[in-house]
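In what follows, a structure is listed as structure tokens, so that the remarks can point back to it.
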Amino acid sequence: MSARVTLATTARVLGQLRRDRRTLALVFLVAPALVTLFKFIFQYQSSAFERIGAPLIGLFPLVMMFLITSIAMLRERTTGTLERLMSLPLAKLDLLVGYALAFALLAAVQGAITGTIGFALLGITTLGPAWAVVLLAIANALLGMALGLFFSAFARTEFQAVQFMPAVLLPQILLSGLLLPRGAMPRALQIVADALPVTYAYDALAKITANDTGTWLWLDIVIVVGAVVLALVLGATTLRRRTA
Amino acid sequence: MNSAQDELSHPAVEVKDLVVRRGGRVILPGISLCVARARVTGLLGPSGSGKTTLMRSIVGVQVVESGSVHVLGEPAGSSSLRPRVAYLTQAPSIYADLTVSENLRYFARILDVPRARIEEVIALVGLGGQARQLTRTLSGGEHSRASLAVALLGRPEVLVLDEPTVDVDPVLRRELWRSFYAIAEGGAGVLVSSHVMDEASRCHELVLMRAGEIIASGSPDELLARTHTEELEDAFISLAEAA
């Protein structure tokens, strides 16, 4: 692995995004727009919105980066650029970390915009520090990226790739406790939720919101980071130098 | 014999009893060939004869069933070969949403070649006027040439080009062939595939393929003499009928 090649990959991915203004606008504007929509949906349930407002800000990058990475990797495969890269002196980690750095930057900007609008304009409150929500948003972006990278290997077309979002992420978000606290769900679902990474991503955000910064918060973060590494390693195994 | 001499004693490419199956179908049923250094070798045959599969095997991106492929004395696909072997895929494989220069800058940084080389290869493939154009907006032929420019970036010791001169106008085609000769004169083994016979006479060596088998190999003059023909097209037909 080389810093030169990794950073060249980051610069290349950012260059592609820079030329795709519409995608950038969607990434930066859809999340704050949806948080605003939630705010008004929960107009008469403000206590519920207080519980989920900050976690929403932290979870949006998960979905965005999952979709963007799935499509980006699928394009690399179908246009032959991945095959070219695999025949060049580029380590798989150069490609993965290069993408991760570019998307982390994108997530940081998205998190900052959504956070600013959410905390300053919509009156979303968190007892813990707001910057921690943005940091967790970046961690969640990397989780989304790593999962997107892994699952894109099972898609042959872009139609299939986008279907993995409702198939893989949506159940995790529903089970995480964002919509309904997990304690109110059947025991079997709680057990399933305990095995899914997004549960811990949500828990970390919920604990920051409640300023519950004990050992359990760090355990949540370690599990999320562990899931990122595991998904990246599994994703790396789907990047084959040789194909049939 | 020291190791440098030892290395030079290996041909650019050595393929032995190569069997490749794709999608359950046998594409290469067991072929052997050598590609010399410092020569331009043409791989000729109709579409579907297995040229691309053979080239993919040489570059080390093809899953092979059996047999061996060595490049510069090392097993094809070895990581030490990656900076030394360049491959042009038949379909252009560059980023459509970047300009020609941006694409080359990325690949140049991967290969760690100086930026001055970017201008050189852009001029070489005749894209000086389109360097700042988005690759997506190029014509088909220009798109292919931008992809070719990437393959020429790193001064490779083995250059594998899958149909590099399709859709290229005759003047530029001659320029490209001159650059292939120049690369070969520098000592590199150059393997060029084509399905058009009029490219054959430009090669130093020819390998004729049909249905996954090599039906003949040698210099253009040798093949003409062996078949008592005047045109390589007739030589190919005569060799294909005899095979």
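None of the figures in this text is laboratory data; all of them are computed from the coordinates on show. What you see is a predicted model, and the numbers here were worked out from it, not measured in a lab. Cβ: placed from backbone, ideal geometry, glycine included. Neighbour counts: every protein chain shown.
Here are the numbers for this structure:
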item: Rg ratio (alpha-carbon, reference 2.2 N^0.38 Å) - chain A; result: 1.02
item: Net lengthening on full extension, A:Val229/A:Ala112 (0.36 nm per residue, minus Cα-Cα); result: 39.7 nm
item: Cut-off 20 Å, label 7 Å out along Cα→Cβ of B:Arg117, residues of segment A:1-44 by amide N; result: A:1-12
item: Peptide-level mean, for B:107-114, of C-beta atoms on other protein chains within 10 Å; result: 5
item: Selection from A:Leu143, A:Gly115, A:Ala54, by position along the positive dipole direction of chain A (Cβ); result: A:Leu143
item: Debye log10 I(q)/I(0) at q = 0.13, 0.21, 0.23, 0.27 Å⁻¹ for segment B:94-155, Cα point scatterers; result: -0.25, -0.68, -0.82, -1.15
item: Computed log₁₀ I(q)/I(0) - Debye formula, equal Cα scatterers, no solvent, segment B:145-243, q 0.17 Å⁻¹; result: -0.82
item: Under DSSP loop assignment and at most 16 Cβ neighbours within 10 Å, longest GluC sites (Glu not before Pro)-free interval of chain B; result: B:66-229
item: Convex hull volume of chain B per residue (C-alpha atoms, cubic angstrom); result: 133 Å³
item: Assigned charges on the beta-carbon of Lys, Arg, Asp, Glu; segment B:75-170 dipole about Cα centre (debye); result: 380 debye
item: Zone residues, segment A:154-179, relative to A:Val192, backbone N less than 16 Å from point 7 Å out along Cα-to-Cβ; result: A:166-179
item: Straight-distance crosslink candidates among lysines, where the alpha carbon sits under 26 Å from B:Lys51 and sequence neighbours closer than 8 are dropped; result: B:Lys16
item: Inter-centroid distance (Cα atoms) of segment B:176-227 relative to segment B:85-164, Å; result: 23 Å
item: Average projected area [Cα convex hull, segment A:125-180], square nanometres; result: 4.8 nm²
item: Principal semi-axes in Å for the protein assembly as shown [√(5λ), Cα gyration tensor, largest first]; result: 54, 22, 19
